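Beneath this line is the structure, given in structure tokens, with notes to follow.
The values are calculated or read from the model by the stated rules, or taken from the named source; none is laboratory data. Owing to the predicted nature of the structure, the values given are computational and were not obtained by experimental measurement. So basically every Cβ, Gly included, is an ideal-geometry build from the backbone, and we count neighbours across all protein chains shown.
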Amino acid sequence: MTKGSSGQNGSSQDQVDHAQDVALKQAREPSSQSVTFGADKPLHLDAGLDLSPVTIAYETYGTLNEDKSNAILVCHALTGDQYANSTSPVTGKPGWWNRMIGPGKPVDTDKYFIICSNVVGGCNGSTGPASINPNSKQPYGLELPVITIRDMVRAQAMLIDHLGIDQLFCVLGGSMGGMQVIQWAAAYPERCFTAIPIAAGARHTSQNIAFHEVGRQAIMADPEWHGGRYLDQDTTPRKGLGVARMAAHVTYMSERSLQSKFGRNLQNREAKTFTFDADFQIESYLRHQGMTFVDRFDANSYLYVTRAMDYYDLAADHDGQLAKAFMNTQTRFCIVAFTTDWLFPPAESRLVVHALNAAGASVSFVEIESDKGHDAFLLDEPEMFDAIDGFLKSAHKAHGLPASGKEA
Ligand SMILES: CC(=O)SCCNC(=O)CCNC(=O)[C@H](O)C(C)(C)COP(=O)(O)OP(=O)(O)OC[C@H]1O[C@@H](n2cnc3c(N)ncnc32)[C@H](O)[C@@H]1OP(=O)(O)O
Ligand SMILES: N[C@@H](CCO)C(=O)O
């Protein structure tokens, strides 16, 4: 942990110049597959408007079998993207779920056809606030209606229709991805043979909304935000977005992991400097997380995706009774939670488990002892891999799928 001190509000951030911003914008052009639905097939939004055209950028891995019964939809988290198992053209980093997806891995590309799409409201090729508003011919900015988790899932259903798939063998994802899984199972039970929400819940809590609001205010307080019209000015609210990520990142870790990674260790120095530089490793680490984030994510998209999570409350959509969302479902659930996740603690997952039990659903609950906090689902957690591997293998048998997706 001895990377050089990086001043979130200091000189190294300021070195990121105009050219880099332009490169970033270019990188956001969809480089994956994408489908665009026109005015004849608009996306109906919870905000009460229709969105068209609407583009959905996605990646696929593995082979779709002849009867299209081996498809798995992977839903990404807040700032994730469609590059779950392929190198991101924006960061040059390997797929964010390479540990989970691949030949012989729990989400086995030798058996399944895996689809991962960028959410609507995002910034990696799907329609979002940086997309061109057909009316003004300018980027939408805040003219894009607020997007909800239900909207994201409705857009994914359009993509699944487009691919000619009636039923998904599985829908899985973590955090905001897990919210989408829960919404998929509630809205389209007959289309989900299995569902695996990880480190997620059926609502955003008051504390979670509070942290998101801190982040949004940091972005909107940055003078470079320009009321959301920063792209017209060829700039981005880097400082505000960086601070938003720093605050959010703390919530993705646990007290134990922060302590064991960094403790009170100083960053490349023998003694405190009696300044406000990044004396502590944790300060340097957070500044690094903030700075690298602004190179890969759009500030307005951050407003939209955080809002989507805040608005999610599945019980409220069913007279306050979560079980009603799942009545008579045939979907088989595996709910995964981590003991040190304080963003979506196991108690939130248990509410979903109890509702599923009350609805008579088939559900297993895997509570994993981990010190990695919320982001454990992105990391090396053998117990999580074993649980998902076992669950999918048993569901595979119950479904009657052939051993390999290439057969059929
Ligand atoms: C879920 C989706 O759909 S995808 C979106 C998820 N992706 C992200 O959230 C990306 C940002 N988040 C992270 O990096 C998360 O911490 C994780 C969980 C994904 C990765 O966790 P880990 O592998 O444990 O990495 P860790 O948290 O230690 O961070 C490593 C980075 O911090 C840097 N770092 C570590 N210590 C320090 C320090 N003292 N000072 C400055 N930088 C430091 C490392 O150099 C490394 O930088 P790099 O990522 O630019 O190479
Ligand atoms: N760290 C992940 C999960 C947050 O919920 C992300 O940024 O998407």
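Inside segment 29-61, residues that are crowded, with 17+ Cβ neighbours inside 10 Å, touching an Asp or Glu at 6+ places or on another chain (Cβ under 7 Å) and at pLDDT 95 or above make up a count of 2. Restricting attention to segment 251-287, the residues that are under 30 Å from R307 (Cβ atoms) and within 11 Å of ligand 1 (Cβ to nearest atom) add up to 9. Among the residues of segment 313-369, those that are among the β-branched types (V, I, T) and closer than 20 Å to S257 by Cα comprise V336, T339, T340, I368.
Of the set (1) more than 16 Å from ligand 2 (Cβ to nearest atom); (2) surrounded by fewer than 17 Cβ atoms within 10 Å (Cβ to Cβ), all apply to T292 but (1).
Is it the case that segment 267-275 has a residue that's on the phi > 0 side of the Ramachandran plot and buried (at least 18 other Cβ atoms within 10 Å of the Cβ)? Can you show your working first?
Here is the first cut: in segment 267-275, the residues on the phi > 0 side of the Ramachandran plot are 268, 274.
Remaining after also requiring buried (at least 18 other Cβ atoms within 10 Å of the Cβ): none.
No, segment 267-275 contains no residue that is on the phi > 0 side of the Ramachandran plot and buried (at least 18 other Cβ atoms within 10 Å of the Cβ).
Somewhere in segment 326-339, is a residue within 17 Å of Q180 (Cα to Cα) and part of a helix (DSSP H, G or I)? Yes: one or more hits.
Looking at segment 324-337, is at least one residue within 16 Å of ligand 2 (Cβ to nearest atom) and under 21 Å from the mean Cα position of the chain (by Cα)? Reasoning before the result, please.
Filtering segment 324-337 for residues within 16 Å of ligand 2 (Cβ to nearest atom) gives 336-337.
From what's left, under 21 Å from the mean Cα position of the chain (by Cα): 336-337.
Among the residues of segment 324-337, at least one is within 16 Å of ligand 2 (Cβ to nearest atom) and under 21 Å from the mean Cα position of the chain (by Cα), which makes the answer yes.
Of all residues in segment 228-255, those satisfying the criterion of being away from ligand 2 (no atom under 15 Å from the Cβ), out of contact with any Gly (no Cβ under 8 Å at 6 or more places or on another chain) and assigned to a helix (DSSP H, G or I) are R238, K239, G240, E255.
If you go through segment 295-309, how many residues are acidic (D, E) and either crowded, with 24+ Cβ neighbours inside 10 Å or within 13 Å of ligand 2 (Cβ to nearest atom) (or both)? Walk me through it before giving the result.
Pass one, segment 295-309, residues acidic (D, E): 295, 298.
Then keep just the ones that are either crowded, with 24+ Cβ neighbours inside 10 Å or within 13 Å of ligand 2 (Cβ to nearest atom) (or both); that gives 298.
Summing the residues that are acidic (D, E) and either crowded, with 24+ Cβ neighbours inside 10 Å or within 13 Å of ligand 2 (Cβ to nearest atom) (or both) in segment 295-309 gives 1.
Summed over segment 206-261, residues that are free of Cβ contacts under 8 Å to residues at least 40 places away in the same chain, over 19 Å from D341 (Cβ atoms) and of a type in the set (S, T, N, Q) total 2. Does any residue in segment 262-289 that is over 26 Å from T251 (Cβ atoms) and among the charged types (D, E, K, R) come within less than 8 Å, Cβ to Cβ, of a residue that is more than 8 Å from ligand 1 (Cβ to nearest atom) and in a loop (DSSP other than H, G, I, E, B) six or more places away or on a different chain, and which pairs are these? From residues that are over 26 Å from T251 (Cβ atoms) and among the charged types (D, E, K, R), the pairs are R269/D279; K272/D279.
Condition test on I72, is it buried (at least 24 other Cβ atoms within 10 Å of the Cβ) and modelled with pLDDT of 95 or more? Even if it seems obvious, please write down each step before you answer.
Values: buried (at least 24 other Cβ atoms within 10 Å of the Cβ): yes; modelled with pLDDT of 95 or more: yes.
Judged against the criteria, I72 is a match.
In segment 84-98, of all residues being in contact with a His (Cβ under 9 Å, 6 or more places away or on another chain) and touching a residue at least 40 places away in the same chain (Cβ under 8 Å), the one that is farthest from K397 (Cα to Cα) corresponds to W96. Does segment 175-192 include one or more residues that are of a type in the set (D, E) and closer than 16 Å to I56 by Cβ? No; the residues of segment 175-192 include none that is of a type in the set (D, E) and closer than 16 Å to I56 by Cβ.
Would you pick out the residues in segment 57-87 that are on the phi < 0 side of the Ramachandran plot and more than 16 Å from ligand 1 (Cβ to nearest atom)? Can you show your working first?
Taking segment 57-87 and keeping what is on the phi < 0 side of the Ramachandran plot, we get 57-61, 63-67, 69-87.
Result: T60, T63, L64, N65, E66, D67, S69, N70, A71.
Note on segment 208-221: among residues that are of a type outside the set (F, W, Y) and either touching a Ser or Thr at 6+ places or on another chain (Cβ under 9 Å) or within 16 Å of M176 (Cβ to Cβ) (or both), the one that is surrounded by the fewest Cβ atoms within 10 Å (Cβ to Cβ) is E213.
Take the residues in segment 57-99 that are hydrophobic (A, V, I, L, M, F, W, C) and within 14 Å of ligand 2 (Cβ to nearest atom), then tell me which one is nearest to G125 (Cα to Cα). Spell out the reasoning first.
The first filter runs over segment 57-99 and keeps only residues hydrophobic (A, V, I, L, M, F, W, C), leaving 57, 64, 71-75, 77-78, 84, 90, 96-97.
Subset that is within 14 Å of ligand 2 (Cβ to nearest atom): 74-75, 77-78, 84, 90, 96-97.
On the way: V74: 17, C75: 15, A77: 16, L78: 15, A84: 15, V90: 11, W96: 17, W97: 19 Å.
Within segment 57-99, the match that is nearest to G125 (Cα to Cα) is V90.
When segment 363-386 is filtered for residues that are within 16 Å of P346 (Cβ to Cβ), more than 13 Å from ligand 1 (Cβ to nearest atom) and either surrounded by fewer than 21 Cβ atoms within 10 Å (Cβ to Cβ) or of a type in the set (F, W, Y) (or both), the ones remaining, listed by number, are V363, S364, F365, V366, E367, E369, E383.
Is it the case that some residue within segment 298-308 is part of a loop (DSSP other than H, G, I, E, B), within 16 Å of ligand 1 (Cβ to nearest atom) and charged (D, E, K, R)?
The initial filter retains those residues of segment 298-308 that are part of a loop (DSSP other than H, G, I, E, B), namely 298.
Filter once more, keeping what is within 16 Å of ligand 1 (Cβ to nearest atom): 298.
Filter once more, so that each one left must be charged (D, E, K, R): 298.
Looking through segment 298-308, at least one residue is part of a loop (DSSP other than H, G, I, E, B), within 16 Å of ligand 1 (Cβ to nearest atom) and charged (D, E, K, R).
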